[in-house]
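Enquirer: Okay, here's the structure, questions in a sec.
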Amino acid sequence: MTASPTNTTTDTISPDLFGDASSPVASAKYEGRTACVIGSGFGGMALAIRLQSVGIATTVIEARDKPGGRAYFWEKDGFTFDGGPTVVTDPNCLKELWQLTGHDMAEDVELMPVMPFYRLNWPDGTNFDYSNQEDSLNAEIAKLNPADVAGYQRFLEYSAGVFQEGYVKLGHVPFLDFKSMIKAAPALAKKQAWRSVYSMVSSFIENEKIREALSFHTLLVGGNPMKTSAIYALIHKLEKDGGVWWTRGGTNRLIAGMVRHFERLGGTMIVGDPVVKVHTFGARATEVETSSGYKQRFDAVASNADIMHSYRELLGDTQRGQSYAKSLARKSFSPSLFVVHFGLEGTWPGIPHHMILFGPRYKGLLEDIYDHGVLPQDFSIYLHHPTVTDPTMAPKGKSTFYALVPVAHMGKLAVDWEKIAPILEQRILDEVGRRLIPDINDRIVTKFSYTPRDFGHDLNAHLGSAFSLEPLLTQSAYFRGHNRDDVIENFYLVGAGTHPGAGIPGVVGSAKATAGLMLEDLAVKAAG
């Protein structure tokens, strides 16, 4: 193939690039080629595994003291507190990373099924157990509105359609030029992609609680259900087909398994040494420099770091870095999160692994977070209770939890989080106590909070955003960060800031799209 690195479109990706990566032919194709992946989140590790699988000598450089990026963990007083993401869907996209070289993910990772996927709870005491067990889910719907059982079946058909178009066909394909976007537009328009998830759900469902139950998922990837494209209704089909899973020992154990496999293939990990600069010469990235003074030349560089950090800081000395950082600053970024981690005396077999404790408002609360940038008095809580599935996360007879609430990012909500955190933390714990564990404050063994300021400090997240660019239709596909930079021909992006977006399947999909470009580019150069 002879396509130029600056004009490759989605039609030029050779399908054989993802064939038998372990074959001698594949390895010879990339002999002597080197690559660096900045950041070891799910996207970064998935990309590194793909590159190393074909024999490209790949180095991953992680700023934090252990791999994982957002998938971090803390150990305190015998409890393991997981940073997340705590919902693992589409396990096949992960298993494929091992299968590339004839391995089995089970060698390194144990996935445990979670059932129900989520229990949704409203202030009036209504519970709704959400799962992929059709009879059970229909019964849950019928409890609230029997007429919506038929409506749900129509929604499921719609979800399956957008899953096919948005995930199967386009989820692993890079959009490098506007022509590729135009080509995909008719199929997306047919699925009414301009409508919001909530609007589309409402066209099938009458009951407000069921509308919330079928639309809240976009919040898990940083999107407002009232504005995020209806294409994201594909998440329902994704969960229905693939289930919801937990990694024994915590989400970071999945990262640890990916690292183990990457190193098994010969990859190199550097941890606890932040990259401070990507050096360039002309239109090429040439060298990566870290805070310790490490400098190394690579044939290709990919960043799994925050997209704004990648351009404003890592490429800050270049005209491209400065100009694109200004462009990114005009875009809309997803909200941040406030998370209370706590360990309790006692066990709660009646509290499922995942709960959504809806507040008294839905649309109004979302407007406060996404539009008004205020800290409302009410909130919706995502409650994570891993010990009900995996008791190893806490000492015997104790339980690990976290309670998460979305909050506006620091560009909209300029508060002193050191002062606000203890107040908000107590309000959240009191609400969990009021609805689930009456004596929660007496049972607390240990606790700590994680704020938007921490996202900014620990992860270089722009404005403390937890999910990078907001997943709006006007910030998707071609309108998102490109998997390969438009100017620096051997600089690539992987992770939430590039196509297709946040969430484990999203960033693993971005790794597949980016790997396709890198393998093609490096193979061309090796042949040349």
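The values are calculated or read from the model by the stated rules, or taken from the named source; none is laboratory data. These numbers come from a predicted model, not from an experiment. Every residue, glycine as well, gets a Cβ built from its backbone with ideal geometry; the counts of neighbours run over all protein chains shown.
Enquirer: Report, by residue number, each residue of segment 482-528 that is modelled with pLDDT under 95 and farther than 19 Å from I235 by Cα.
Expert: A523, V524, K525, A526, A527, G528
Enquirer: Is there a residue in segment 417-434 that is touching a Gly at 6+ places or on another chain (Cβ under 8 Å), surrounded by fewer than 19 Cβ atoms within 10 Å (Cβ to Cβ) and not hydrophobic (A, V, I, L, M, F, W, C)? I'd like the intermediate steps shown before the answer.
Expert: We begin by selecting, within segment 417-434, every residue touching a Gly at 6+ places or on another chain (Cβ under 8 Å); these are none.
No, segment 417-434 contains no residue that is touching a Gly at 6+ places or on another chain (Cβ under 8 Å), surrounded by fewer than 19 Cβ atoms within 10 Å (Cβ to Cβ) and not hydrophobic (A, V, I, L, M, F, W, C).
Enquirer: Among all residue pairs at least 6 apart or on different chains, which show Cβ distances below 8 Å where the first residue, located in segment 165-176, is more than 16 Å from H482 (Cβ to Cβ) and the second is hydroxyl-bearing (S, T, Y) and part of a helix (DSSP H, G or I)?
Expert: Qualifying pairs under 8 Å: G166/Y232.
Enquirer: Report the residue count in segment 36-64 for those that are of a type outside the set (V, I, T), assigned to a strand (DSSP E or B) and crowded, with 24+ Cβ neighbours inside 10 Å.
Expert: Final tally of qualifying residues: 2.
Enquirer: Out of the residues in segment 230-245 that are in a helix (DSSP H, G or I) and touching a Leu at 6+ places or on another chain (Cβ under 7 Å), which is farthest from T474 (Cα to Cα)?
Expert: Once the filter is applied, the top-ranked residue is H236.
Enquirer: What are the pairs, 6+ residues apart or on separate chains, where a residue within segment 382-408 that is part of a helix (DSSP H, G or I) has its Cβ under 9 Å from a residue that is basic (K, R) and at pLDDT below 95?
Expert: none
Enquirer: Let me ask you something else. Mind counting the residues in segment 159-168 that are surrounded by fewer than 21 Cβ atoms within 10 Å (Cβ to Cβ) and either under 19 Å from the mean Cα position of the chain (by Cα) or at pLDDT 95 or above (or both)?
Expert: Of the residues in segment 159-168, 1 are surrounded by fewer than 21 Cβ atoms within 10 Å (Cβ to Cβ) and either under 19 Å from the mean Cα position of the chain (by Cα) or at pLDDT 95 or above (or both).
Enquirer: Same structure, new question: Can you tell me which of L328, L337, L366, L375 is outside any helix (DSSP H, G or I) and either among the β-branched types (V, I, T) or surrounded by 18 or more Cβ atoms within 10 Å (Cβ to Cβ) (or both)?
Expert: L337 is the lone residue from the list that is outside any helix (DSSP H, G or I) and either among the β-branched types (V, I, T) or surrounded by 18 or more Cβ atoms within 10 Å (Cβ to Cβ) (or both).
Enquirer: In addition: Give the residue, chosen from L188, L238, L234, that is in contact with a strand residue (DSSP E or B) (Cβ under 9 Å, 6 or more places away or on another chain) and under 30 Å from D82 (Cα atoms).
Expert: Going through L188, L238, L234 in turn, the sole match is L238.
Enquirer: For segment 510-526, check the following and say yes or no: at least one residue is surrounded by fewer than 18 Cβ atoms within 10 Å (Cβ to Cβ), of a type in the set (D, E, K, R) and closer than 30 Å to L51 by Cβ.
Expert: yes
Enquirer: Would you check if Q322 is assigned to a helix (DSSP H, G or I), more than 25 Å from the chain's Cα centre (by Cα) and closer than 23 Å to G39 by Cβ? Working first, answer last.
Expert: Values: assigned to a helix (DSSP H, G or I): yes; more than 25 Å from the chain's Cα centre (by Cα): yes; closer than 23 Å to G39 by Cβ: yes.
When the stated conditions are applied, Q322 passes them.
Enquirer: May I ask you to list the residues in segment 285-315 that are closer than 19 Å to N483 by Cα and not hydrophobic (A, V, I, L, M, F, W, C)?
Expert: Selection gives T286, D299, S303, N304, D306, H309, S310, Y311, R312, E313.
Enquirer: Without any contact (Cβ under 8 Å) to a residue 60 or more places away in the chain, crowded, with 16+ Cβ neighbours inside 10 Å and among the basic types (K, R), is that true of K277?
Expert: Values: without any contact (Cβ under 8 Å) to a residue 60 or more places away in the chain: yes; crowded, with 16+ Cβ neighbours inside 10 Å: yes; among the basic types (K, R): yes.
Taking the combined requirement at face value, the residue satisfies it.
Enquirer: Pick out the one residue from D135, D124 that is of a type in the set (D, E) and either surrounded by 22 or more Cβ atoms within 10 Å (Cβ to Cβ) or in a loop (DSSP other than H, G, I, E, B) (or both). Before the answer, list the steps.
Expert: Values: D135 fails: either surrounded by 22 or more Cβ atoms within 10 Å (Cβ to Cβ) or in a loop (DSSP other than H, G, I, E, B) (or both).
None of the others qualify; the one that does is D124.
Enquirer: Tally time: how many residues in segment 458-475 are part of a loop (DSSP other than H, G, I, E, B) and not polar (S, T, N, Q)?
Expert: Within segment 458-475, residues that are part of a loop (DSSP other than H, G, I, E, B) and not polar (S, T, N, Q) number 6.
Enquirer: Within segment 478-501, can you find the residues that are buried (at least 24 other Cβ atoms within 10 Å of the Cβ) and not in a loop (DSSP other than H, G, I, E, B)?
Expert: Of everything in segment 478-501, those that are buried (at least 24 other Cβ atoms within 10 Å of the Cβ) and not in a loop (DSSP other than H, G, I, E, B) turn out to be G481, R484, F491, Y492, L493, T498.
Enquirer: Between G102, G68, which is surrounded by fewer than 18 Cβ atoms within 10 Å (Cβ to Cβ), at positive phi and not in a strand (DSSP E or B)?
Expert: Checking each option against the conditions leaves just G102.
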